[in-house]
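Take a look at the structure below.
The values are calculated or read from the model by the stated rules, or taken from the named source; none is laboratory data. Just so we're clear, the structure is a prediction, and the values are computed from it rather than from any experiment. Cβ sites come from the backbone with ideal geometry, for glycine too, and all protein chains shown count toward neighbours.
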Amino acid sequence: MNICIFASGTGSNFNAILKAVKSKKLNSKISLLISNNPECGAVNIAKNNNIDFENINRKKYSELTDKQYSGVFLKALKKHDIDLIVLCGYMKMIEKEVLKKYKNRIINIHPALLPSFGGKGMYGINVHKAVIAAGVKVSGITIHYVNENYDEGKIIFQKCCEVKEDDDEYSLQKRVLKLEHRYYWEVVRSLENLGF
């Protein structure tokens, strides 16, 4: 499969998947990174590994209609013959035309057990703060297909971890991140077998 990573931040999940590609645990190739943030860590990972990247955001393409803006994404994806889009901390809603064209071929990882602690504004440390505040005993990761609503796509995989008595959002985040790095690439591998 040709994979496109969408990322806005440090790119630690991008890096974990890239390591799996390099060590031949994945047969896929990461052909493209799309980021809305040209200064982010994910862009540096792409540069350091000779992976093509595109900076696509509304600021750069402010004059375009929604359909034209979607077209910028679709053109880049087509150029690289992309089979699967993997979101790795991408902070924007996916454009409708992209969702349509790549139905059931866009996946995301969420740092909690959906459907709890999902939706608009529920990303990064915000999720872990909400989990701690709710007093739940279990958190974890959810890997799911992406649809037009935040965190509501069909669930592919979940893995739990304990929320400890002395946890704060940062200690919980570290534990959940380990799960993300351990399992995200495995889910990508399971999708390789579907043969897009």
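Residue count for the range 118-169 satisfying the condition of being of a type outside the set (K, R) and either in a helix (DSSP H, G or I) or over 19 Å from the mean Cα position of the chain (by Cα) (or both): 20.
Residue check: I30 meets all listed conditions (1) surrounded by fewer than 21 Cβ atoms within 10 Å (Cβ to Cβ); (2) among the aliphatic types (A, V, I, L, M); (3) not in a helix (DSSP H, G or I) but one, namely (1).
Pairing residues of the range 135-154 that are farther than 22 Å from K178 by Cβ and free of Cβ contacts under 8 Å to residues at least 40 places away in the same chain with residues that are crowded, with 16+ Cβ neighbours inside 10 Å and among the small types (G, A, S), at Cβ distances under 8 Å and at least 6 apart in sequence or on separate chains, gives E152/G118. Before we move on, is L64 surrounded by 14 or more Cβ atoms within 10 Å (Cβ to Cβ) and modelled with pLDDT of 95 or more? No: the conditions fail for L64.
Restricting to the range 87-138, name every residue that is among the small types (G, A, S) and under 23 Å from N15 (Cβ atoms). Scanning the range 87-138 gives G89, A112, G124.
Against the test of being in a strand (DSSP E or B) and closer than 19 Å to W185 by Cβ, the options I3, I82 yield a single qualifying residue, I3. Tallying residues that are in contact with a Gly (Cβ under 9 Å, 6 or more places away or on another chain), in a loop (DSSP other than H, G, I, E, B) and of a type in the set (V, I, T) within the range 85-117 yields 0.
Residue count for the range 38-68 under the criterion of being farther than 28 Å from T142 by Cβ and either outside any strand (DSSP E or B) or touching a residue at least 60 places away in the same chain (Cβ under 8 Å) (or both): the result is 15. Candidates are the residues of the range 133-155 that are surrounded by 16 or more Cβ atoms within 10 Å (Cβ to Cβ), out of contact with any Pro (no Cβ under 7 Å at 6 or more places or on another chain) and among the hydrophobic types (A, V, I, L, M, F, W, C); the one that is farthest from L99 (Cα to Cα) is I143.
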